[in-house]
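The values are calculated or read from the model by the stated rules, or taken from the named source; none is laboratory data. Quantities reported herein were computed from a predicted structural model and do not represent experimental measurements. Don't worry about glycine lacking a Cβ; one is built from the backbone with ideal geometry, like all the others, and counts go over all protein chains shown. Each accessible area value is taken on the protein alone, full model and side chains, heavy atoms only, with ligands, DNA and RNA left out. Shrake-Rupley method; radii C 1.70, N 1.55, O 1.52, S 1.80 Å.
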Amino acid sequence: MTEKETLIARLKELGVKLDREVNVTGTIQELTLRISELEEELDEDGEEGAEVSVASTTPISTSGQPGPENTSGSITENPASNEPGELVAVETLVTLHIDALHATRNESLSIVEPGVVIRVTDAEATELISQGLAREV
């Protein structure tokens, strides 16, 4: 097998892993670059799967029961609609995919990294703390 055939075979393999068609034409340098990009993309996908998120744990619905009405994994549908007095602050311990408000900027957040203080409802805060995803501040 020539070097180019080997690169094309690797591209096809990566295309299968990424579940999409990949371009297998070009020079050896172009194919090598494309392989590097696809491998990096696969590595990024693997890291995302390693993140702890509400979606990867028990789904929490606004009704308090897991169910199809909240399969996105968000804690609340719209925290901005809550009165400010109803929200409590917690510090995230892991990366979360959640609908929350930033603690000081009153900015809606959907992805929160560890160490960020967010505001959520008291019930949501209790759930996050009980699952070890956040701590009281």
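The single condition among (1) touching a strand residue (DSSP E or B) at 6+ places or on another chain (Cβ under 7 Å); (2) loosely packed, with under 12 Cβ neighbours inside 10 Å that G132 does not meet is (1). The C-beta contact set for the stretch 109-126 (first residue farther than 12 Å from I98 by Cβ, second residue among the aromatic types (F, W, Y) and open to solvent by less than 30 Å² (accessible area, probe 1.4 Å), distance under 7 angstrom, 6+ apart or interchain) is empty. Does L18 meet the test of being within 21 Å of R135 (Cβ to Cβ), within 19 Å of the chain's Cα centre (by Cα) and either modelled with pLDDT of 85 or more or of a type in the set (D, E) (or both)? Considered against the rule, which asks whether it is within 21 Å of R135 (Cβ to Cβ), within 19 Å of the chain's Cα centre (by Cα) and either modelled with pLDDT of 85 or more or of a type in the set (D, E) (or both), L18 comes out as no. Hey, could you check the stretch 1-15 for residues that are under 26 Å from the mean Cα position of the chain (by Cα) and in contact (Cβ under 8 Å) with a residue 12 or more places away in the chain and say which is surrounded by the fewest Cβ atoms within 10 Å (Cβ to Cβ)? The qualifying residue surrounded by the fewest Cβ atoms within 10 Å (Cβ to Cβ) is G15.
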